[in-house]
1. Taking the condition of being in a loop (DSSP other than H, G, I, E, B) and of a type in the set (Lys, Arg), how many residues in the range C:104-131 meet it?
2. Using the structure shown, decide if B:Lys230 is touching a residue at least 60 places away in the same chain (Cβ under 8 Å), closer than 30 Å to C:Leu311 by Cα and away from chain A (no Cβ under 14 Å).
3. Among the numbered criteria (1) within 14 Å of another protein chain (Cβ to nearest Cβ); (2) in contact with a helix residue (DSSP H, G or I) (Cβ under 9 Å, 6 or more places away or on another chain); (3) closer than 21 Å to C:Glu465 by Cβ, which one does C:Pro313 miss?
4. Quick check: is even one residue across the range B:238-260 more than 24 Å from B:Thr172 (Cβ to Cβ) and part of a loop (DSSP other than H, G, I, E, B)?
5. Consider C:Met458 against the criteria (1) over 23 Å from C:Ala389 (Cβ atoms); (2) touching a strand residue (DSSP E or B) at 6+ places or on another chain (Cβ under 8 Å): it satisfies all of them except one. Which criterion is unmet?
6. Output the strands (runs of 3 or more DSSP E) that fall wholly within the range A:158-243 and possess 1 or more residues being of a type in the set (D, E, K, R), away from chain B (no Cβ under 11 Å) and surrounded by fewer than 24 Cβ atoms within 10 Å (Cβ to Cβ), or say none.
7. Scan C:Ile324, C:Ile278 and give me the residue that is in contact with a Phe, Trp or Tyr (Cβ under 7 Å, 6 or more places away or on another chain) and either buried (at least 16 other Cβ atoms within 10 Å of the Cβ) or at pLDDT 85 or above (or both).
8. In the range B:252-266, which residue that is surrounded by fewer than 24 Cβ atoms within 10 Å (Cβ to Cβ) and more than 7 Å from every other protein chain (Cβ to nearest Cβ) is farthest from B:Pro165 (Cα to Cα)?
Amino acid sequence: MKKLLGTALIVGMVWPMLAAAEPVNVKDFALAQRIADKVAAGEELNIFVSYHDVSNEFAPQIRAGVERGDALDKVAAKFIGPVGADADGQINEIEALLDTMDGLAISSVSTDALAPIIDRVVDAGIPVITYNTDNPDSKRLAFAGQDLIQSGREAGKLMCQVHPEGKILILTLDAAAQWSLDRESGARDALAADCTGTEVVQTINTGTDPQEMYAAIENAMLGNPEISGLLSLECCTTPAAGSWVDRNGKAGAVKIVGFDLLDQTVEFVEKGVIQATIDQAPEAQGFAAVDLLVKFLNGETIDNVDTGVGIYTSENIAEVN
Amino acid sequence: MTGSLAQPATKAVKKRFSRFGGRETGVALALLVMCIVLAILNDRFLTTNNLLNIGRQVSLLGIMAVGMTFVLASGEVDLSVGSIYAFCGLVTGMVIVAGYGLFPSLMVGILAGIVIGIINGLLSTYGRLPSLIATLGMLSMVRGAALILTDGRPVTVNARNGANPDVLGQFTFLGQGAIAGVPMQLVFFVLIALAGWFLLARTSFGFRVLAVGGSTKAARVSGISVEKVKIAAFALMGGLAAFAGILSIAFLPSGQAGRTGLGLELDVIAATIVGGTSLAGGEGTIIGTILGVLIIGVLRNGLVLTGVSPFAQEFLIGLVIVVAVAIDRWTIRERRV
Amino acid sequence: MQTDTLPVVSFQRIGKSFPGVRALSNVSLALNPGEIHAVIGENGAGKSTLMNILAGVLAPSEGTLMLDGKPLRLSSPLEVRRRGIAVVFQELSLCRNLSVGENVMLPALAEIPPWQLIRRARAQARSREILARLGMDTDPATPLRDLSVAQMQLVEIARALVRKVRVLVLDEPNSALSPHESEHLFNIMRQLRDDGVAIVYISHHLNEVLAISDRISVMRDGELVESITDLSGVTVPHLVASMVGRDLGDAVPYGLTHKPAEAQPVLSLRDFRVPGEIHGIDLDLRPGEILGVGGLPGSGKDILAEAIFGLCPRSGEVTVCGQILPAQKPMAAIQGGIALIPADRRNGGALLTMSVAQNVVSSTLDRHSRIGVLLNALIGDTAARQIRAFDARVSGPAQVMGTLSGGNQQKIILSRGIVSEPRVLILHEPTRGIDVGAKAEIYAILKRLAQEGLAVLMISSELPELVLHANRVVMMAHGTLSRDFTGAEITEQNLMMAASVQPAHLVAEGAA
């Protein structure tokens, strides 16, 4: 099985990997005069990086990337956003800061809700890029991050490799969220295309509280004892699925593919309970967001940046600090 | 199904109802009907394994609902319990990760919960804020404090992060262990429910809680210190929410301040109200609360077992809450006129 | 007066059962246009149930309710109101946040469909008209909360007159009205009667019932005892006997003959003040006496009981048995030997959601528990003993307090006070809303307690109560105390004069 997995590792951590899109340059952008003056005078640039929920587990890592960007010469980068995913809160904050920002990077919890504010900021002559979660319908200049459908597809492929046949449950803490729907469709596509021996029985919506998640997985497994594969779409149901499989002595019999590198996830990969996990490199996303804006303001032509997916199995999990 | 209650009862039957609470009969019947339907729909429902699972799944909710019964019965409400649950669980986790022993770690968490509860009580009595507002503020403040304290990072209680392996073993036993096959969480829930029942039904404190909730004025005329009773109810709630939060992090040795216990207060209040405790105060029993908790737990479990879609589950849970409380209120109306 | 017309409403063999209780059985009663029909009976006799059936709040279990000779199907209160039947319950159902005019017009306004505009000016003019008919010149724009309880009661009645009314039920309409206001209300009732309205008048004030009614129906234990049309020769004692089913005779005590002990006072007030209400009074209460305190609304008497007991801020000195009581510490007052029977049972005195037994012991929990654990057997014993001692009619210690009649609730609250073994018993409006039978029993209990050496402070708005059942009376006016009245000096005239010392018009009213 490990041999099989080896072939999946080719994607690796590729950064920055330029995707095909339209490169943009500041010459083609109606930059606000005050920002142009600041750039010309070599003053410090105020870059704001707005995240859709600064209280979730990625926020600290993305913030770390933003802080790395803040350390760049003549850059003051700030990490902002609402506590708890809240589109209104995110919009209000951006509106309040509009006159002080020289560049905005934004990860939007809701594409439709945030496109108008992105367009307003762009119309005010302030460059906007998206990171982590894209908003392709807006006037944003470029995107730095991982393609959600693509990452879902990667997860599906990995599942197919470790678990070519049998019944699968998909786990997500918010089945109705756009990111979840994107990853789910990517995963289902990949499974349907490459893995005709598998069947996705149900998508389980676990809720966000750790207890709730575990209970939901427990109930679902009891209701579907023939399940042999668990595909988690995010950070948090991954270790919960690991805990259930580990505690019920099903390690190896029920395969798990999930996302991210929470402490428990790393432990379970080491123990062989979780077969594979996909890292989104949130720190790299935070840094890329600042870096792209600074480059753009300084006249460089910029384009979408793929911060890549990192795939970890028991073979390479030791690389995680 | 509750119509039979409205029939003129013989004296003996009436006496039994008044002693063991005719109030709970409606909820008990609702639970029974749900269980029968689920047992017919899915043959895995009635397995020992599944019943123990349900027991464990409702334990933390149940522990908090016992506390909430006191708060609601005293005529107040506590919206901050989900935040207390997160804050105190995470604090205890952090203390253990910092290498301290089991007892001091538990004490820090539980005391933190009691202190927050006392603050809730002080604001709602001497501070003259409606408890709805006071605890709404605390809901936000306590979660904010948890985020500040953890810097938004998940807290994972494991040896790698610095926990003493012996302490870790004891701590995880509290959440994950079992005695004679019964999960520890369920053991704690049963013990706390028994103690809560005794406290509410058999002690002068419970009496005072019900009196204060029934009529502040009448309680004062009886020489009861309304403020102290309410503060004590909030403190009890805080301590129990903290303990539930600690068990949560002991069970899944990881928590995150933005996520753990989010929105839990509504589940706790819903379970308590379904169990017949009056939002207006003065009425409430622990037996009713346990039934309310079980209704919600059995429903969650049963809906997944029978393969109902996640979105339909949300709808059905809400429906059952409304129907259960409606049946309860209608039967009371019948009895009270 | 027309009496030979067809009845507007007739109850035909109406019965009503609640789980375990038979509230009404086989009641047949006709309400004729142009007649004031008094319905009397002790609390719990079934008057309220009967009126609730008429109001459409309850459906009868048996029998038919006929309107204009046709059976009236189970209908909503609104439907009943549309048919011209208005019931004014004793308990006020007004919105304190709205104006007087809005309260009067509320049922009418509530019927205006949402797409129609409310014509405020017209509604206000109409409400002014109706209020004037009741002798109130209050501006309809006045917020309701600024009114006295008496005025609110009139607003409640005014509300019933907005629509054309054929049957008007008044349940204790003048319980908070002054004699002058009551007389005015009676004139309105007579005027409505002469307009052909069928009026049902429910009251405990039997003198007034005799004075105003054309027909008196007496109810007892859910049944109609008698319906008297020829009122000549009918006396109050006759009605009382009919209501209670026994001859009270000597049970109604007249005056107190026993002499209180010439002992040291058990309760002393010195320079006792309540901000804005009581301006420095001195008072001594001796064991064995029943000291009556009267006064008009606003005189300060209504805050006196709670202030002494410690439920509201006060200054000055309160001494019980030589010990100075701290302010605002009810528990200290109980431990010092004071028991309070507050005025408002529904909203303060009783724990309505709890059992009789729990109400009996609620102020003596420490004595009925050991290390915080309730001694249920002891509580049951205490409750059973008190139920017997006060002859409270309850099904048992487990009965829920809220299901008792007012008189029985009051007995239980009294027993709660007695269980704490007080030296001083403070009663505020001890017999408000209680039927005659229970009243007499409560007076007898107070007399017995006083004879046993308890000091009783009875604060009351009802002058006859003070005249007949106190050894000594003081009146309050404008936050100060009058001189003592004892023995033959205690007459309604003297007391009323003392109560109305300052503003001259009150003196005139009191004499009326």
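The values are calculated or read from the model by the stated rules, or taken from the named source; none is laboratory data. This one's a predicted model, so the numbers in the text were calculated from it and none came from an experiment. Glycine also receives a Cβ, built like all others from the backbone with ideal geometry; neighbour counts cover every protein chain displayed.
1. 1
2. Answer is yes for this residue.
3. It is condition (3) that C:Pro313 fails.
4. No, every residue in the range B:238-260 fails to be more than 24 Å from B:Thr172 (Cβ to Cβ) and part of a loop (DSSP other than H, G, I, E, B).
5. Of (1) over 23 Å from C:Ala389 (Cβ atoms); (2) touching a strand residue (DSSP E or B) at 6+ places or on another chain (Cβ under 8 Å), only one is false for C:Met458: (1).
6. A:166-172, A:198-205
7. Just one listed residue meets the conditions, C:Ile278.
8. B:Leu266
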